[in-house]
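The structure appears right after this line, and notes come after that.
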Amino acid sequence: MSYGIIYMGSKSDIAKNIMRLLPKSTNLYDLFGGGFAFTHAAILHNKSTNYFFNEIKPDVVALIQDAIAGKYSYSNFLPSFISREEFFKTKDTNAYVRLLWSFGNNQKDYLFSKELEPLKRSLHNAVVFDIFDETAIRVLKISKWPFGITNITQKRLCSRYLTGKHKGAEQLQQLQRLERFERLEQLQQLRPNLFFSSLDYREVSIQNDSIVYCDPPYANTVTYSNEIEFNSHDFWQWARAQQFPLFISEYTIPNDFVVIGKYNRKTKLSAIGRIKTKAELFACNKIAHNMFFKEKP
């Protein structure tokens, strides 16, 4: 199960592990919501009565709300191909373009090289709009989809099979990412008490009987697009002052917080940009530890 949308630093791959440790509550706050993976997983695992999703970037919040409302369902949305020129023109104000069409989901660089862009455009238009130009016919070796291959997901998978040995044409990443958006529409059937905000984490008002989760930008890692530098020192000072159960994900945890989970993950967030395995920690403050994890006499 994948949770939320494709997002740099997403907790989708370890969300189930986190949910095993996360206690239930009346109110659950996700103060650095990002791609919605934590909140999505919490809803599906019935971890709270009320869910509060906060993400400081308003266009990301709007994107997630639109996805839940069904805007990106293939039944009513046929995605146009986004060119390199359009990407750099609109990425800073358009979360859909920035997230689906960036290389490695870094929200900064265009998804395809200049050499591959024409090929990807041809395959995209064949899969989404049934338009087979000379390039699509040459690469796919068909001029129309086989009988029974009708929806975009089927055509994307079929194109992957047909181009399996063609360098550069193996996968249409942007359509694969879009399928994650479609899954959020299923939340409409659950009708969770879900509330959205786009505030600085310190501005969110926390109600009584709440658990708060923080997945802040990690110290000494690559920053995301047009993002102001995050002050980790100020965050930990704020965390120490809170009087509610607080859970935090980070690579490094101060000694006055309690590590309750450790997950080895492959990451591209290092300053040197290499893929490597790094231990991500799941921790809580002393209040949460005493309430939920400390053995009772």
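Data table
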| quantity | calculated |
| --- | --- |
| Single unsatisfied condition, Gln189 versus (1) assigned to a helix (DSSP H, G or I); (2) within 25 Å of Ser80 (Cβ to Cβ); (3) open to solvent by 70 Å² or more (accessible area, probe 1.4 Å); (4) not basic (Lys, Arg) | (2) |
| Residue count, the range 7-24 (criterion: under 20 Å from Pro217 (Cα atoms) and assigned to a loop (DSSP other than H, G, I, E, B)) | 5 |
| Any pair with Cβ under 6 angstrom, 6 or more apart, that starts in the range 120-140 at a residue that is outside any helix (DSSP H, G or I) and ends at one that is of a type in the set (S, T, N, Q) and open to solvent by 60 Å² or more (accessible area, probe 1.4 Å) | Phe132/Ser143 |
| Number of the condition not met by Val61 [criteria: (1) assigned to a helix (DSSP H, G or I); (2) within 11 Å of the chain's Cα centre (by Cα)] | (2) |
| Failed item in (1) within 30 Å of Ser102 (Cα to Cα); (2) surrounded by fewer than 16 Cβ atoms within 10 Å (Cβ to Cβ); (3) modelled with pLDDT of 90 or more, with Cys214 passing the rest | (2) |
| Identity of the residue in the range 169-186, over 15 Å from the mean Cα position of the chain (by Cα) and open to solvent by 70 Å² or more (accessible area, probe 1.4 Å), that ends up nearest to Asn54 (Cα to Cα) | Gln186 |
| Odd one out for Ile228 among (1) open to solvent by 50 Å² or more (accessible area, probe 1.4 Å); (2) modelled with pLDDT of 95 or more; (3) within 20 Å of the chain's Cα centre (by Cα); (4) not hydroxyl-bearing (Ser, Thr, Tyr) | (2) |
| Looking only at the range 69-95, and only at residues there that are open to solvent by less than 30 Å² (accessible area, probe 1.4 Å) and either farther than 21 Å from His124 by Cα or of a type in the set (Ser, Thr, Tyr) (or both), the one that is modelled with the lowest pLDDT | Ser73 |
| Which listed residue, of Asp66, Asp30, Asp59, is open to solvent by 10 Å² or more (accessible area, probe 1.4 Å) and in contact (Cβ under 8 Å) with a residue 24 or more places away in the chain | Asp59 |
| Tally of residues being within 23 Å of Tyr72 (Cα to Cα), open to solvent by 30 Å² or more (accessible area, probe 1.4 Å) and among the aromatic types (Phe, Trp, Tyr) across the range 98-139 | 2 |
| Identity of the residue in the range 266-297, at pLDDT below 70 and among the hydrophobic types (A, V, I, L, M, F, W, C), that ends up farthest from the chain's Cα centre (by Cα) | Ile272 |
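Matching residues to (1) under 18 Å from Ser249 (Cα atoms); (2) in contact with a strand residue (DSSP E or B) (Cβ under 7 Å, 6 or more places away or on another chain):
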residue: Ser12; (1), (2): yes, no
residue: Ala15; (1), (2): yes, no
residue: Asp30; (1), (2): yes, yes
residue: Gly34; (1), (2): yes, no
residue: Ala37; (1), (2): yes, no
residue: Asn54; (1), (2): yes, yes
residue: Lys57; (1), (2): no, no
residue: Val60; (1), (2): no, no
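The values are calculated or read from the model by the stated rules, or taken from the named source; none is laboratory data. Predicted model, so just to flag it, every value in this text is computed and none were measured. All Cβ positions, even for glycine, are placed from backbone atoms using ideal geometry, and neighbour counts span all protein chains on display. Keep in mind that these areas ignore ligands, DNA and RNA; they rest on the heavy atoms of the full protein, side chains included. Shrake-Rupley method; radii C 1.70, N 1.55, O 1.52, S 1.80 Å.
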